[in-house]
1. Which ³J(HN,Hα) values, rounded to whole Hz and listed in residue order, are derived for the range A:347-353 from phi using the Karplus coefficients 6.51, -1.76 and 1.60 in 6.51 cos²θ - 1.76 cosθ + 1.60 with θ = phi - 60°, glycine and proline given as x?
2. Per residue of B:230-238, how many C-beta atoms from partner chains lie within 10 Å of its own C-beta, taken as a mean?
3. Rg (Å, one decimal) plus Dmax (Å, integer) for the alpha carbons of the range B:4-91?
4. Can you pull the mean other chain C-beta count within 10 Å for peptide A:409-418?
5. Work out from phi, with θ = phi - 60° and the Karplus expression 6.51 cos²θ - 1.76 cosθ + 1.60, the ³J(HN,Hα) of each residue of the range A:52-68, listed in order in whole Hz, and give x for Gly and Pro.
6. Under a point spin-label approximation (7 Å from Cα along Cα-to-Cβ), what is the A:PHE302-A:ARG122 distance to one decimal in nm?
7. Beta carbons within 10 angstrom, averaged per residue: use that to sort the peptides A:336-348, A:219-231, highest first.
8. On a full-extension model of 0.36 nm per residue, what is the gain between A:ASN135 and A:ALA440, subtracting their alpha-carbon distance, rounded to one decimal in nm?
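The values are calculated or read from the model by the stated rules, or taken from the named source; none is laboratory data. These numbers were taken from a predicted model, which means no experiment stands behind them. Every residue, glycine among them, receives a Cβ derived from its backbone with ideal geometry; neighbour counts consider all protein chains shown. Areas reflect the complete protein model, heavy atoms only, side chains present, ligands, DNA and RNA absent. Shrake-Rupley method; radii C 1.70, N 1.55, O 1.52, S 1.80 Å.
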Number of protein chains: 2
Amino acid sequence: MFPDPALTALRALLGDRLTTSPAVLDQHAASETHVTARSPDAVAFPETTAEVAALMRICASHGLPVIGWGAGTSLEGHALAVRGGVTVDFTRMDRLIEVRAEDMIARVQPGITREALNADLRATGLMFPVDPGANATIGGMAATRASGTTAVRYGTMRDAVLGLEVVLADGRVIRTGTAAPKSSAGYDLTALFVGSEGTLGLITELTLRLHGQPEAISAAVCAFPGMAEAVDCVIATIQSGIPMARIEFLDDASVRACNAHAGMALPEVPHLLVEFHGSPAGVAEQAARFGELAEAFGSRGFQWADRTEDRTRLWKMRHNAYPAIVASRPGATAVVTDVCVPISRLAEAVAETQADIAASGIPGPILGHVGDGNFHAILLVRRDDPDELATAKALAGRMAERALRFGGTITGEHGIGIGKKGHMAAEHGDAWAVMGAIKAALDPAGLMNPGKLVEDQ
Amino acid sequence: MFPDPALTALRALLGDRLTTSPAVLDQHAASETHVTARSPDAVAFPETTAEVAALMRICASHGLPVIGWGAGTSLEGHALAVRGGVTVDFTRMDRLIEVRAEDMIARVQPGITREALNADLRATGLMFPVDPGANATIGGMAATRASGTTAVRYGTMRDAVLGLEVVLADGRVIRTGTAAPKSSAGYDLTALFVGSEGTLGLITELTLRLHGQPEAISAAVCAFPGMAEAVDCVIATIQSGIPMARIEFLDDASVRACNAHAGMALPEVPHLLVEFHGSPAGVAEQAARFGELAEAFGSRGFQWADRTEDRTRLWKMRHNAYPAIVASRPGATAVVTDVCVPISRLAEAVAETQADIAASGIPGPILGHVGDGNFHAILLVRRDDPDELATAKALAGRMAERALRFGGTITGEHGIGIGKKGHMAAEHGDAWAVMGAIKAALDPAGLMNPGKLVEDQ
């Protein structure tokens, strides 16, 4: 339970911005996930790093868990308060602090969303390319090491974050990284905190690498006779060195859902959605080279989207594939899971997964960022049907095991949270214990987002 | 001193491959550095990970320090045995274990050099692009988070290493990363060990990202009226998004040395050396766009090197700039130091450094990987002149402080070792203590390369 002195101290610090209202607690007890958890005891809305540090000191002195909260879009229960405590909602720390156009970097607060950031950047000619689909916060994306459709070209949050300000478990504030493009000055703490899911500290500021808005963009959608041909085309494309900006796979079931619920009229076969960024001549060359490869792998129905509105429509369809797929089974809810494998094993991994899903009796379209070997299954289960939920979780578990068997990882971009902890020992062996040792060194009382990522202490 | 039972156990493990011969100890007590240190007590030449793990367990049980050794080319005394112990020389673990061409990855042992690796890769059409100049080992390059001339395009060792096998301080063997291109499964231990300078464990295997050998390459050298114009041209080039493969700066003193000692006949003004990789059309476009920019910034004497032999000559000159500069002052030895700053501050940082060096009375040509904001001073001091050595160290110290003042880092690619430890608190503040806490968690007895990177325990 929540000790009164802690509540008093937090209220003195934050006033109305510390709430125990049941509606707000409920809001922060649910996320886009199949994982259930209890509510936090309170939700805080700090406005400055100093407030976060003071909050952390209060919680540390009372042994209260502290959980970071961005937009609540994570998929494995990362931001749920499994042991109660204070959820720190970064909604009010959402500023773009500074753009340094010459250095192509920006400093932001963790609560800014990627769409808001890109809207703010538009006039500068720069962009922040990491795009996980959901309009997540940059802090949340860093915490889960998110990536998405453009990672094949611009990298993941691992590559996008140049430096951090972090509030540690004891309330100290540290800075990692610098504004220089690279450094070999000691342990890469930036990389350690990116992907640490709030278990080592709370990110209160980020320095991000930006990229120039491409001079020219071209996109296309192309149909393939089968999944294997589409995936083999992806492998050949990556190997040929064409700097694809996006190369996304939709299986036939995903295409069917997009046709029905996103107003498309594509042939119901596997598709690749591709995008090219560069100079006008560069884009034309890339597109021509990809076109030749796609044709060689049996692609037909190649539709170009050179106009902005056509491209927007195409990527809107891709981003809306998730709701379209969920809508394709009335009354269903989704268990969304991702794995990532070496690209050479991608066709096998997808084929085995499709067969496993088909045998399970529940629908589960597959789509993904195949240029990275990363794919998702959207497993559709009837709401409140525990048997189907168990089936979906078992399928997700087998996907994770399969990814390991193929030399891959149990998650390419969604993270561990609560949902995938059961597979960490299988992926990492003794290295999971090393993660636990780092956690214990930085958060000896186990207050930072307890119950996530590392083995329970 | 070296306890007899430890020596007996290590000899039983390694036979002749454990030596205490003075000549071998001396060899491992010196490196390309101005830092002096004592000899190790023994040098081991293991051939397998199991031997490294067994060695580590023996040393741990006797409280003996263990220091990794690659090619001895590090510049800040990283591989010196400041407290004695056993230096582990990876010369006999130098195999390319596996190339997975479809996945564009290779597994290697730590003792393979980058030149040997690229020779082995030649027929595959793939390459390992990280190029720090010296023919360092891949294990050593990972340990120091090396980069070099191609980092502007292909990244540093941070980007190049996909996974590791590491022997920990207690002899456990862990694996970090997978063969998948990305992962969000837990703390990024790969990034933590890359750049940890052997203070957290010994790297016994690496999985590396490879790149396709470029279809077309073009290079050029161009003269600028002054340093500021050359640097401003670099800034404009990076911002314009031209995917430079290399963009290197030589100041007038560096050019003078190359003319005298590397058989060149360049005008003795600041120069940029550039290289473009891509398709033939892509390279032609990049080169044309760079040419326009260079001209706008007053470049003259543009010399193209499209033929392989001309390119080889150009980059040989760049790689031999170091010995050429050392030779430019008879009887001198060099204190080589590097810093890295945000590119917007590069011209100021170089100008201040040049002025500081000019006022010091010792020669110090400047050159560097300016596309990354990274530059080096090669401070030439008379051998055995303690005053000049002190002057050079003071200059290097002021360079580090200047880099911090400009928002940069005390080292872009050389690392900390012994030489730069004194600046770690200034760069990292409390984050240096976090590094110490991680070190203490993973190596509580302080046996892994003691005296380096973290604060003395």
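1. Couplings: 4, 4, 5, 5, 4, 4, 5 Hz.
2. Rounded to a whole number, the mean comes out at 1.
3. In Å, with Rg to one decimal and Dmax whole: 12.2, 36.
4. 4
5. So the Karplus estimates, Gly and Pro as x, are 4, 5, 5, 4, 4, 5, 4, 5, 4, 6, 10, x, 9, x, 10, 10, x Hz.
6. 3.3 nm
7. Answer by packing, highest mean first, reads A:336-348, A:219-231.
8. 106.6 nm
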